[in-house]
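Down below is the structure, laid out as structure tokens.
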Amino acid sequence: MTRYDIYTALIGVISVFFSLTVFFGDLSDYVKIFLIVTGAAIFLHSAYTLYKASFKKVDAEKTFSPNAITQITQISLLNKNGEIISTWELYGKTSAVIGKDIGENSVDINLNETPYAAMIDIEHAVLNYADGNWYIEDLDSQNGISIQKVGQDKPYKLSSLQPCKLDFGDIVFIGVCQLKLN
């Protein structure tokens, strides 16, 4: 429910109290009728506005566009055939460190058990959530990071220490490991 809908509902409720106050007040019959009809009209307008707003919400929920923005909630490790091997939840987090957990450090996305772990730094990259978007930043790693954006054929290499905005379906290459955002 939007702020406009809440204000509309409040106006409708206030109009009912207004009408009741006028009805039981000490006014002439013509003034009472006029004010009660006005209050009822305001109430009906508020009710109709809320009714229309509820249908717009239902229609918006039913509508799906392939170009609609989809929220990133997970990052998945893919094998060379593009099949998911492991998944890490991002929902509710504001950052996640990608690297290898060797006991002395703590990473959120541990790639130590992957076949290409030798190409991954202990703290290779960091994901940060800001303004409703996820960003990745190479932490000056030895083998770098590449990104393959959705709809593009080839990945491109990121500059070190420069954040890059990520979109749903992008594939991040940490060394040779493929991580898909979904």
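Quick one: grab the alpha carbon gyration tensor of the stretch 92-182, order the square roots of its eigenvalues as a ≥ b ≥ c, and give me rounded if a/c is under 1.5, else prolate or oblate depending on whether a/b is larger than b/c. Cα axes put the stretch 92-182 in the oblate bin. Remark: spin-label model distance S76-K165 equals 2.5 nm, labels positioned 7 Å along the Cα→Cβ axis. As a fraction of the 1.4 Å probe accessible area of the chain, surface on carbon and sulfur atoms comes out at 59 percent. Taking every alpha-carbon pair under 8 Å whose residues sit at least 6 apart, the chain reaches a relative contact order of 16 percent. Rounded to the nearest 20, the size of the Cβ-charge dipole of the chain about its Cα centre is 760 debye, with Lys and Arg at +1 and Asp and Glu at -1. The stretch between L139 and Y48, if pulled fully straight at 0.36 nm per residue, gains 27.2 nm over its current Cα-Cα span. A prolate overall shape is assigned to the chain, the ratio a/c of its alpha-carbon gyration tensor axes (a ≥ b ≥ c) being 1.5 or greater and a/b exceeding b/c.
Using a cut-off of 23 Å between Cα atoms, the listed pairs K80/K157; K100/K149; K93/K154; K100/K180 include K100/K149; K93/K154 as exceeding that distance. Estimated at 0.36 nm per residue, the fully extended path between K154 and T21 surpasses their Cα-Cα distance by 40.8 nm. Legend: residues I109, I11, sorted from most to least accessible area (1.4 Å probe; ligands, DNA and RNA excluded), read I11, I109. Per-residue packing, averaged as other Cβ atoms within 10 Å, sorts the ranges 110-122, 41-53 into the order 110-122, 41-53, beginning with the highest. Per residue, how much accessible area does the stretch 91-182 show when a 1.4 Å probe rolls over the protein heavy atoms, in square angstrom? Counting only protein heavy atoms, the per-residue value for the stretch 91-182 is 54 Å².
Classify the stretch 126-173 as rounded, prolate or oblate from the Cα gyration tensor: take a ≥ b ≥ c as the square roots of its eigenvalues, call it rounded if a/c is under 1.5, otherwise prolate when a/b beats b/c and oblate if not. Oblate.
The values are calculated or read from the model by the stated rules, or taken from the named source; none is laboratory data. Bear in mind the structure is a predicted one, so any value in this text is a computation, not a measurement. Counting neighbours? That spans all protein chains shown, and the Cβs are built from the backbone with ideal geometry, glycine included. Heads up: the accessible areas ignore ligands, DNA and RNA and are worked out on the full protein's heavy atoms, side chains in. Shrake-Rupley method; radii C 1.70, N 1.55, O 1.52, S 1.80 Å.
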